[in-house]
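Novice: I have a structure I would like to understand better, so I am pasting it below and will then ask my questions one at a time.
The values are calculated or read from the model by the stated rules, or taken from the named source; none is laboratory data. Small disclaimer: the values here were computed from a predicted structure and weren't measured. All Cβ positions, even for glycine, are placed from backbone atoms using ideal geometry, and neighbour counts span all protein chains on display. Protein only, heavy atoms only, side chains kept; ligands, DNA and RNA dropped before computing areas. Shrake-Rupley method; radii C 1.70, N 1.55, O 1.52, S 1.80 Å.
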Amino acid sequence: DVKVTQSSRYLVKRTGEKVFLECVQDMDHENMFWYRQDPGLGLRLIYFSYDVKMKEKGDIPEGYSVSREKKERFSLILESTSTNQTSMYLCASSYRGRTEAFFGQGTRLTVV
Amino acid sequence: GQQVMQIPQYQHVQEGEDFTTYCNSSTTLSNIQWYKQRPGGHPVFLIQLVKSGEVKKQKRLTFQFGEAKKNSSLHITATQTTDVGTYFCAAASGGSYIPTFGRGTSLIVHP
């Protein structure tokens with residue numbers, strides 16, 4: 001079975017702190033994604049990567065950056081958190097040229 | 001980017017009743033996927049439809065892709081409490097492999 005693992009299930013941070021959200025997949029997937037999920041808004045794409053060191057902006061990249069130094073790992077970075085970044089963050093991965101995605105368990109981030 | 005509209009946002013049913021959620025796009029889609037997210041869980045891939053007019057079944061779940069490849073539906077026959085969750089459609093178009101998600105339909109089943 002595909003396994004996508006996110007480093008934390010719950011995080012509480014203060015406004016202005018830097019946050020790293022880590023995601024690791026074990027199926028040698030080329031594509032990796034970061035989404036945020038908010039009630040009534042569904043899943044919105046923040047960033048995606050289709051190869052090591054490659055990254056593309058999604059629909060809502062402002063306030064976020066990403067890093068993909070190894071194929072299995074995709075990190076989401078919040079340089080200076082704000083309260084409007086309180087959300088559920090979901091990492092996903094898929095094979096090149098395939099659209100079906102496999103999700104991690106999610107990280108619920110609360111910024112106070 | 002591409003928009004995928006999903007309705008309804010919520011649906012309450014009595015156990016045993018049927019349920020349908022609809023997904024619509026203004027553009028022709030390459031494919032469409034359906035995911036289920038249980039309360040407190042993460043989205044889990046259910047199925048992908050690729051062909052115009054395609055119909056696929058998984059036990060009590062029936063998935064359809066429209067003839068024009070601009071809409072899709074998920075129908076659950078005789079709902080059970082285990083069907084509770086949010087159902088998302090996700091679609092790609094124009095050769096992209098990046099799925100755009102609908103906002104989801106939350107199904108609440110009353111015993």
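Novice: With r as the distance between the Cβ atoms of A:R14 and A:R98 and R0 = 30 Å, compute the FRET efficiency 1/(1 + (r/R0)^6) and round to 0.05.
Specialist: Between A:R98 and A:R14 the formula returns 0.15.
Novice: So for A:R44, A:R98, what's the accessible-area order with a 1.4 Å probe, most first?
Specialist: Sorted descending by solvent-accessible area, the residues read A:R98, A:R44.
Novice: Between beta-carbons, use under 11 Å as the cut-off and find the net charge around A:T110, counting Lys and Arg +1, Asp and Glu -1.
Specialist: So the environment of A:T110 carries a net charge of +3.
Novice: Students often check this: by mean Cβ neighbours within 10 Å, which of A:6-17, B:93-104 ranks highest, and how do the rest follow?
Specialist: On the way: A:6-17: 13.0, B:93-104: 19.2.
Top to bottom by mean Cβ count within 10 Å: B:93-104, A:6-17.
Novice: In debye, nearest 20, what is the charge dipole magnitude of chain B about its Cα centre with +1 on Lys and Arg Cβ and -1 on Asp and Glu Cβ, if you could check?
Specialist: So the dipole magnitude of chain B works out to roughly 280 debye.
Novice: In nm, what is the difference between 0.36 nm times the number of residues separating B:D18 and B:T82 and their Cα-Cα distance? List each step's numbers first, then the result.
Specialist: Working: separation 64, 0.36 × 64 = 23.04 nm, distance 1.36 nm.
Full extension of this stretch gives 21.7 nm more.
Novice: Further, regarding this structure: If the label point is 7 Å along Cα→Cβ of A:N84, which residues in the stretch A:17-41 have backbone nitrogen under 19 Å from it?
Specialist: Backbone N within reach: A:17-19, A:35-41.
Novice: Next question, about the same structure. Cα-based count: Lys pairs in the stretch A:4-111 below 17 Å, eight or more positions apart or different chains?
Specialist: So the count works out to 4.
Novice: Hey, another quick one. Around B:S25, with a cut-off of 10 angstrom between Cβ atoms, what is the net charge of the other residues, counting Lys and Arg +1 and Asp and Glu -1?
Specialist: Neighbour charge sum, excluding B:S25 itself: +2.
Novice: Let me confirm one metric for peptide A:100-109, namely the mean number of other chain beta-carbon atoms within 10 Å of its residues' beta-carbons.
Specialist: Partner-chain Cβ atoms within 10 Å, mean over residues of A:100-109: 4.
Novice: Let me check I have the definition right: for the stretch A:1-89, take the eigenvalues of the Cα gyration tensor, multiply each by 5, take square roots. What are those semi-axes in whole Å, largest first?
Specialist: After diagonalising the Cα gyration tensor, the semi-axes are 21, 14, 14 Å.
Novice: While we're looking at this one, here's another question. Between chains A and B, what is the buried accessible area summed over both chains (1.4 Å probe, protein heavy atoms, nearest 100 Å²)?
Specialist: Heavy-atom accessible area buried at this interface is about 1700 Å².
Novice: Right, another one. Take the alpha-carbon positions of the protein assembly as shown, form their convex hull, and give its projected area averaged over all directions (one quarter of the hull surface) in nm².
Specialist: Averaged projected area of the protein assembly as shown's Cα convex hull equals 11.9 nm².
Novice: Further, regarding this structure: Report B:K70's accessible area, 1.4 Å probe, all protein chains in place, as a number in Å² to the nearest 10.
Specialist: Roll a 1.4 Å probe over it and B:K70 shows about 80 Å².
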